[in-house]
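Following: one structure in structure tokens, then a few remarks.
The values are calculated or read from the model by the stated rules, or taken from the named source; none is laboratory data. Just so it is clear, the model here is predicted, and its values are computed rather than measured. In this analysis, Cβ positions are derived from the backbone assuming ideal geometry, glycine residues included, and neighbour counts consider all displayed protein chains.
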Amino acid sequence: MTYNMDLLHNGEKLPVVSVGGCHNSEFNISLLDFQKNEWTYQPTYECWSWHLVKMPGGGSIATIGYAGLGYGATGDSDKDGIPDCVQYNGGYIESKLFEAYGQDGKDILGEAFGQAETEYANSFPPMDDQIDCKTIEEWVLLGDPSLKIGGYS
């Protein structure tokens, strides 16, 4: 729902936002297709992620999210003490984005995003499982991939 988002104000701070969940970045929507699109649930003129990017005086400089279903996992299937929600699907690829930036020093947004997708594909070959394929296909970056995270000094 984007109707109350205009109440958000963060001054001159423009974060890169990564959002989990389903359809937050579904950019192919309009006010006219909500009756045919079972995933929209209500008439909306743009997706949550794009609305956040284009907000004046707030919002984000870029948003990463799912244009379709955002897949996740529950439990601890391998009994290693690490929740499956961060070891598989969306939780895995999203954590790899932050690792690329925070640990590997990738400060260009598109490079961090690309590294996360590559690491996901190397760990979960997308042609072996439809959900792994869709996780990569539906995880989209709305913003400038050449953006230097944190800006220039």
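Descriptive notes on the structure:
- Residue that is farthest from residue 29 (Cα to Cα), among those in the range 70-84 that are surrounded by 17 or more Cβ atoms within 10 Å (Cβ to Cβ) and in contact with a helix residue (DSSP H, G or I) (Cβ under 7 Å, 6 or more places away or on another chain): 73
- Test for residue 118: is it polar (S, T, N, Q) and not in a helix (DSSP H, G or I): no
- Residue 111 meets each of the listed conditions (1) over 19 Å from residue 147 (Cα atoms); (2) more than 12 Å from the chain's Cα centre (by Cα); (3) in a helix (DSSP H, G or I) apart from (1).
- Test: residue in the range 31-38 that is in a loop (DSSP other than H, G, I, E, B), modelled with pLDDT under 90 and closer than 22 Å to residue 139 by Cβ: yes
- Residues considered: 135, 118. Of these, the only one that is hydroxyl-bearing (Ser, Thr, Tyr) and in contact (Cβ under 8 Å) with a residue 60 or more places away in the chain is 135.
- Taking every residue in the range 9-35 that is of a type in the set (Asp, Glu) and buried (at least 18 other Cβ atoms within 10 Å of the Cβ) and pairing it with any residue that is part of a loop (DSSP other than H, G, I, E, B) and at pLDDT 85 or above, at least 6 positions away or on another chain, the pairs with Cβ-Cβ distances below 6 Å are 26/47; 26/67.
- Residues in the range 88-137 that are out of contact with any Cys (no Cβ under 7 Å at 6 or more places or on another chain), among the small types (Gly, Ala, Ser) and either closer than 23 Å to residue 76 by Cβ or crowded, with 19+ Cβ neighbours inside 10 Å (or both): 90, 95, 100, 112, 116, 123.
- Filtering 49, 95, 60 for residues that are of a type in the set (Ser, Thr, Tyr) and either at pLDDT below 90 or part of a loop (DSSP other than H, G, I, E, B) (or both) leaves a single hit, 60.
- If you go through the range 63-92 and pick out every residue that is in a loop (DSSP other than H, G, I, E, B) and touching a residue at least 60 places away in the same chain (Cβ under 8 Å), you end up with 5.
- As a summary of the residue check, residue 151 satisfies the conditions (1) at pLDDT below 95; (2) assigned to a helix (DSSP H, G or I); (3) under 17 Å from residue 16 (Cα atoms) except for the one numbered (2).
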